[in-house]
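A.B. asks: I have a structure I would like to understand better, so I am pasting it below and will then ask my questions one at a time.
The values are calculated or read from the model by the stated rules, or taken from the named source; none is laboratory data. None of the values given here were measured: they were computed from a predicted structure. Cβ coordinates were reconstructed from backbone atoms using ideal geometry, including for glycine residues, and neighbour counts include every protein chain displayed.
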Amino acid sequence: MIEGLRLRHHLADEAYGILDQLVDLYLEVYAGGGEFYSEDRYRRQLDLHMQRVGWELVTATVDRALVGYIYGFPLPAQTRWWEGIHQPVPPGFTDEDGRRTFALSELLVHPNWRRKGIAAALHDDLVGGRTEPRATLLVRPDNVAAQRAYRSWGWSSLTKLRPNWEAAPTFDVFVRSAHIVEPKGLHVGAAPSHPRPLPCQDDGS
């Protein structure tokens, strides 16, 4: 276990107080990644997503310093999340009602704190406690470490999607049935090597 590591849940009202910290960590993780990973775009993404009903953030801190976080929200009935999805997909796959699918939008860890199980702990803490029947996320095809980690956590790749956002890359769509992974606490010694963070749909779904 990492000494001093703490996971904490935040709803949107509280998370606004640490918004700059969230953005700063994102920019540090994605430094040099190109236009899609700009401060302006990510601030707009956060502002849109934090307005979603059920939005939830889990932060990881060590001695009060932010070292990682994960957030997501249930997809509403009129979501734009699935715009740009490659066909074919199973009939009804993109149907949403606000209770069917939890969208994991961001999971990232500071470069100095990788391969310590923090990403796995964040993932289990947020996703393992959800009540929706399924969850989804987007991950770049060239992000081999992330893909390997997500598969080890019970996710599978279904198709591809390019978000309706300027300079957005094409992502692999991953899905996961509920309750595959129960929360395990801070099992940092046994977790798989954590992935690079993943940008997910950010069009205000």
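A.B. asks: In the stretch 65-82, is there at least one residue being assigned to a strand (DSSP E or B), closer than 20 Å to Leu126 by Cα, touching a Leu at 6+ places or on another chain (Cβ under 7 Å) and touching a residue at least 60 places away in the same chain (Cβ under 8 Å)?
C.D. replies: The answer is yes, given that some residue of the stretch 65-82 is assigned to a strand (DSSP E or B), closer than 20 Å to Leu126 by Cα, touching a Leu at 6+ places or on another chain (Cβ under 7 Å) and touching a residue at least 60 places away in the same chain (Cβ under 8 Å).
A.B. asks: Let me ask something else. If I filter the stretch 147-172 down to residues being surrounded by fewer than 22 Cβ atoms within 10 Å (Cβ to Cβ) and aliphatic (A, V, I, L, M), which single residue comes out as farthest from the chain's Cα centre (by Cα)?
C.D. replies: The residue in question is Ala167.
A.B. asks: Would you check which residues across the stretch 132-179 are modelled with pLDDT of 95 or more, among the small types (Gly, Ala, Ser) and farther than 22 Å from Gln45 by Cβ and list them?
C.D. replies: Matches in the stretch 132-179: Ala149, Ser152, Gly154, Ser156, Ser157.
A.B. asks: Tell me yes or no: at least one residue of the stretch 130-137 is part of a strand (DSSP E or B), of a type in the set (Val, Ile, Thr) and closer than 19 Å to Val175 by Cβ.
C.D. replies: Yes.
A.B. asks: Only one residue in Gly129, Gly117 is over 26 Å from Asp40 (Cβ atoms) and either buried (at least 19 other Cβ atoms within 10 Å of the Cβ) or free of Cβ contacts under 8 Å to residues at least 40 places away in the same chain (or both). Which one?
C.D. replies: On the way: Gly129 fails: either buried (at least 19 other Cβ atoms within 10 Å of the Cβ) or free of Cβ contacts under 8 Å to residues at least 40 places away in the same chain (or both).
Just a single option satisfies the conditions, and that option is Gly117.
A.B. asks: Taking Thr79, is it farther than 19 Å from Asp24 by Cα and touching an Asp or Glu at 6+ places or on another chain (Cβ under 7 Å)?
C.D. replies: Criteria met by Thr79.
A.B. asks: If I ask for residues that are surrounded by fewer than 18 Cβ atoms within 10 Å (Cβ to Cβ), in contact with a Pro (Cβ under 7 Å, 6 or more places away or on another chain) and of a type in the set (A, V, I, L, M, F, W, C), which ones from the stretch 132-146 would you list?
C.D. replies: Matches in the stretch 132-146: Ala145 only.
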